[in-house]
1. For region 138-157, which residues satisfy the criterion of being exposed (fewer than 14 other Cβ atoms within 10 Å of the Cβ) and in contact with a strand residue (DSSP E or B) (Cβ under 7 Å, 6 or more places away or on another chain)?
2. With respect to residue 184, is the statement that it is crowded, with 18+ Cβ neighbours inside 10 Å and more than 26 Å from residue 21 (Cα to Cα) true?
3. Does region 158-174 include one or more residues that are assigned to a helix (DSSP H, G or I), in contact (Cβ under 8 Å) with a residue 60 or more places away in the chain and either surrounded by fewer than 16 Cβ atoms within 10 Å (Cβ to Cβ) or touching a strand residue (DSSP E or B) at 6+ places or on another chain (Cβ under 8 Å) (or both)?
4. Just wondering, is there one or more residues in region 106-121 that are at pLDDT 90 or above, within 15 Å of the chain's Cα centre (by Cα) and at positive phi?
5. Residue under question is residue 65, and the condition is that it be modelled with pLDDT of 95 or more and either over 17 Å from residue 23 (Cα atoms) or assigned by TED's automatic domain parsing to the domain that holds residue 196 (or both); does it hold?
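The values are calculated or read from the model by the stated rules, or taken from the named source; none is laboratory data. Note that this is a predicted model, so its numbers are computed, not measured. Every residue, glycine as well, gets a Cβ built from its backbone with ideal geometry; the counts of neighbours run over all protein chains shown.
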């Protein structure tokens with residue numbers, strides 16, 4: 001398959017057998033380091049329907065969370081980084097759970113609307129529809145309730161333009177994880193202030 005990067009217009013070629021059938025894929029452009037997304041190609045035959053999964057209560061991320069307590073989902077490939085981020089969020093008073101792979105993350109998101117979702121590049125792999133792509137597809141009324149953090153080596157911490165391009169609220173460079181609690185506090189406070197003004201404006205115009 002021939003692909004053109006939307007950012008730098010580089011022309012790339014990927015062997016069809018390397019793309020997952022019936023699933024969306026993405027990868028980092030080797031020239032400009034931006035993420036290229038590829039729509040699903042092919043898919044399971046209509047003659048072989050997939051049976052719906054039975055409900056499993058153990059897949060719910062929390063047994064009980066206080067009504068006013070915020071929740072967070074940490075999706076990071078490295079155990080040390082995952083623990084570091086989880087500890088920072090818990091120190092901020094959030095109820096935290098984490099996922100070890102994309103399937104587990106998407107299952108947790110199916111049962112709960114998290115206030116904070118943290119994802120790193122190594123976790124959100126191109127083999128299937130990932131966490132970030134799922135969040136991008138949410139209706140805006142739900143998406144604006146979630147503070148999404150991308151942990152990456154590709155951008156500098158607090159790079160607002162990169163955050164806009166990646167459709168996240170905050171970018172944190174992996175080298176900044178030692179200061180991650182302070183960065184989270186600043187980012188979430190700014191987010192809360194922005195949407196407080198936004199919500200008040202909707203109320204004034206009768207749209208909320």
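1. 153, 156
2. Working: crowded, with 18+ Cβ neighbours inside 10 Å: yes; more than 26 Å from residue 21 (Cα to Cα): yes.
Considered against the rule, which asks whether it is crowded, with 18+ Cβ neighbours inside 10 Å and more than 26 Å from residue 21 (Cα to Cα), residue 184 comes out as yes.
3. As a first pass, look at region 158-174 and keep what is assigned to a helix (DSSP H, G or I): 160-165, 174.
Keeping just the survivors that are in contact (Cβ under 8 Å) with a residue 60 or more places away in the chain gives 165, 174.
Restricting the remaining residues to those that are either surrounded by fewer than 16 Cβ atoms within 10 Å (Cβ to Cβ) or touching a strand residue (DSSP E or B) at 6+ places or on another chain (Cβ under 8 Å) (or both) gives 165, 174.
Within region 158-174, one or more residues are assigned to a helix (DSSP H, G or I), in contact (Cβ under 8 Å) with a residue 60 or more places away in the chain and either surrounded by fewer than 16 Cβ atoms within 10 Å (Cβ to Cβ) or touching a strand residue (DSSP E or B) at 6+ places or on another chain (Cβ under 8 Å) (or both).
4. No; the residues of region 106-121 include none that is at pLDDT 90 or above, within 15 Å of the chain's Cα centre (by Cα) and at positive phi.
5. Details: modelled with pLDDT of 95 or more: no; either over 17 Å from residue 23 (Cα atoms) or assigned by TED's automatic domain parsing to the domain that holds residue 196 (or both): yes.
The answer is no for residue 65.
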